[in-house]
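Below is one structure, written out as structure tokens; the observations come after it.
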Amino acid sequence: MENEKKYKIGFTCGVFDLFHVGHLNLLENCKKQCETLIVGLCTDEYVEKVKHKDPVFSQEERFRILSALKMVDRVEYVSIEEVTDKELAQRIFGFDVLFSGDDWKDTDRYLKTEKEFAKIGVSIEYLPYTKGISTTSIKESLKQY
């Protein structure tokens, strides 16, 4: 079949605050490769404790935005543990591919995860970030107003 996807269940996670075209590009690129796309949404607690920032939109608002997107099949809140431990996330969500930003490629954490995932037949696909846009840059430009 020509519409057959490379993977059955894909997973990516993030904060997705101030949803922008970079987020849209990421999710579209994920969905092109998998039949079902699960998006793990970092909780407000994660944003505050790990990123040391306050989200502009609450986790409930971000959940609604992601759920409304046609390329997203399922949104799940993810805890700090599930974000930092991709093997735990895989056991919970049962994905066969993890989509991650290419800035994580060749890091110790992801090299270890690649080895562990290889043992169970799970892949990692590294996707490029959209150049010139980020939630941080949007926040910075808004400070001018």
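The values are calculated or read from the model by the stated rules, or taken from the named source; none is laboratory data. Keep in mind that this is a model prediction, so the values were computed, not measured. FYI the Cβ positions are ideal-geometry reconstructions off the backbone, even for glycines, and counts take in every protein chain you see.
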statement: Among GLU28, GLU45, GLU35, the single one that is assigned to a helix (DSSP H, G or I), under 21 Å from TYR126 (Cβ atoms) and of a type outside the set (Gly, Ala, Ser) is GLU28
task: State the number of residues belonging to the range 88-109 that are in contact with a helix residue (DSSP H, G or I) (Cβ under 7 Å, 6 or more places away or on another chain), modelled with pLDDT of 95 or more and surrounded by fewer than 19 Cβ atoms within 10 Å (Cβ to Cβ).
output: 2
- prompt: From GLU61, GLU81, which residue is over 14 Å from the mean Cα position of the chain (by Cα), assigned to a helix (DSSP H, G or I) and more than 13 Å from CYS13 (Cα to Cα)?
  reply: GLU61
query: When you look at LYS112, is it among the basic types (Lys, Arg), exposed (fewer than 15 other Cβ atoms within 10 Å of the Cβ) and farther than 23 Å from LEU24 by Cα, yes or no?
result: yes
Residue identified as aliphatic (A, V, I, L, M) and closer than 15 Å to THR135 by Cα among VAL15, VAL39: VAL15
